[in-house]
Amino acid sequence: QVQLVESGGGLVQPGGSLRLSCVASGFTFSNYGMGWYRQGPGKERELVAGVTRGGSTDYVKSVEGRFTISRDNAKNTMYLQMNSLRPDDTAVYYCAKQTHEYFHRDQRFVDYWGQGIQVTVSS
């Protein structure tokens with residue numbers, strides 16, 4: 001069955017960096033768009049970034065220039081490099097599989113979610 005397993009979260013000071021990883025299994029990873037979403041305290045889950053099968057990327061405005069999404073199809077793994085972290089980046093971050101090769105921001109195009117991983121930005 002499809003599994004998405006996130007790792008790399010934790011506590012970091014403002015201005016610091018973290019790299020999240022999502023290891024996928026149970027489907028042909030290279031055929032699908034993938035994305036990262038997050039849910040902060042008291043907030044709805046929101047898009048962070050997405051990547052198409054072909055490697056094209058999309059970012060929410062608040063993370064542009066600070067976060068980088070990438071994928072390694074040989075390792076069935078997606079990454080999110082997060083730099084210049086701010087307290088408002090604190091959230092549970094989720095890896096998500098799209099229903100097709102492209103990337104749509106609408107969460108209705110997500111058919112599988114990871115379990116989520118906590119990222120806390122605090123001094």
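The values are calculated or read from the model by the stated rules, or taken from the named source; none is laboratory data. Quick caveat, the model's predicted, so the values are computed rather than measured. Note that we place each Cβ from the backbone using ideal geometry, even for glycine, and neighbour counts take in every protein chain shown. Note: areas computed on protein heavy atoms with side chains; ligands, DNA, RNA excluded. Shrake-Rupley method; radii C 1.70, N 1.55, O 1.52, S 1.80 Å.
The set of residues in the range 35-70 that are in contact with a Lys or Arg (Cβ under 6 Å, 6 or more places away or on another chain) and farther than 19 Å from Gln118 by Cβ contains only Val51.
Selection of first residues in the range 21-41 that are under 15 Å from Leu80 (Cβ atoms) and touching a residue at least 60 places away in the same chain (Cβ under 8 Å) and of second residues that are charged (D, E, K, R) and surrounded by fewer than 14 Cβ atoms within 10 Å (Cβ to Cβ), restricted to Cβ pairs under 6 Å at least 6 apart or on distinct chains, gives the following pairs, ordered by first then second residue: Gly33/Glu101. Among the residues of the range 5-13, at least one is acidic (Asp, Glu), touching a residue at least 60 places away in the same chain (Cβ under 8 Å), on the phi < 0 side of the Ramachandran plot and out of contact with any Pro (no Cβ under 8 Å at 6 or more places or on another chain).
Could you check the range 11-112 for strands (runs of 3 or more DSSP E) lying wholly inside it with 3 or more residues that are under 21 Å from Gln1 (Cα atoms) and either open to solvent by 60 Å² or more (accessible area, probe 1.4 Å) or modelled with pLDDT of 95 or more (or both)? Talk me through it step by step, then tell me what you get.
Details: elements: 18-25, 34-39, 46-51, 57-59, 67-72, 77-82, 91-98.
Passing ranges, in order: 18-25, 34-39, 91-98.
Within the range 106-123, residues that are closer than 17 Å to Ser84 by Cα sit with their Cβ atoms under 7 Å from residues that are open to solvent by 70 Å² or more (accessible area, probe 1.4 Å), at 6+ positions apart or across chains, in these pairs: Thr120/Leu11; Val121/Arg86; Val121/Pro87; Ser122/Leu11; Ser122/Pro87; Ser123/Gln13.
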